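Down below is the structure, laid out as structure tokens.
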Amino acid sequence: MFERLGAGPRAVGEIANDMPVSRPAVSQHLKVLKDAGLVIDRQAGNRRLYEVDPSGVQQLREYFDQFWDKALAAFKEAAERGNEEDR
Amino acid sequence: MTEATMDTSAVIRDVTVAVPIQRAWDVFTRDFSTWWPSAYSIGTEPMETCVIEPHEGGRWYERSASGAECEWGRVRVYDAPQRLVLTWGIAADWTVEPDESKHSEIEITFTAEGGNATRVELEHRGFERHGTDGAAVREVVSSGGGWGSLLEQYAQATQRAGG
């Protein structure tokens, strides 16, 4: 589950202070988000700042580009199955 | 991250089903749970049922066996049996976005072809609305693997797509 932090990129230390999760765990979670292409990080002085990667939006679109094929195939199969089965 | 131009154009699909338009509509809406791939759920508990409330302004949500509900979006148009418009309110980081202006939109139209077939067209558009102006940061609150299979599937899907 995710929780919204608020406006503005945050450093890991700031993130960890807001939540009941240890700082290394926050770093680990951010790394997973980063590996999934949803978060980018950049160095600002001696801090790493994390922001939602705008290309996460594109990945969302690509996900649906594949997903709707599967969904509509499943819908077609269900629609064409005998009426009795769906009562 | 790459500097490639972002493509957020609409996803457009269609399928023709060999049933009359009313049945096509009913299966899509009333019987949504009977065909929606069960692996594609958002909540942390397995999805038992998924509901499209049959009116404008209605909710589109999944419910687990324990009664926990997770809203996916809203019903913008419910014009049986021809036109359904839903909003998709799960943001790019898989959080529920309460602000409907940040939802993408899914329009599904049903067109009779003869008496016994229906063309169903789907357009999912407005992906750019899920963007954040670059300002918001999401954190992960772990609760025993609350990540869920969805993000893993999502990551796998994007990798398969070469993303």
Note to self: Once ligands and nucleic acids are excluded and a 1.4 Å probe is used, how much of B:HIS130 is accessible, expressed in Å² to the nearest 10?
What the structure shows: 10
Item checked: Estimated FRET transfer efficiency (B:GLU56, A:ASP69; beta-carbon r; R0 25 Å; 0.05) -> 0.35
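Could you tell me the total accessible area buried at the A-B interface, probe 1.4 Å, in square angstrom to the nearest hundred? Write down the numbers at each step before the final one.
Working: alone 7270 and 10110 Å², together 11740 Å².
For chain A against chain B, roughly 5600 Å² becomes buried.
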Next item on the list: Quick one: net charge around B:ALA65, please, counting Lys, Arg +1 and Asp, Glu -1 for every other residue with C-beta under 15 Å from its C-beta.
Entry: -3
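Which FRET efficiency value, to the nearest 0.05, is calculated for B:GLU69 and B:GLU128 with the Förster distance at 25 angstrom and r the Cβ-Cβ distance?
Working: r = 28 Å, r/R0 = 1.11.
It comes out at approximately 0.35.
The values are calculated or read from the model by the stated rules, or taken from the named source; none is laboratory data. All values reported here derive from a predicted model rather than from experimental measurement. Reconstructed Cβ throughout: ideal geometry from the backbone, glycine too, with neighbour counts over all protein chains shown. With ligands, DNA and RNA removed, areas are computed over all heavy atoms of the protein, side chains included. Shrake-Rupley method; radii C 1.70, N 1.55, O 1.52, S 1.80 Å.
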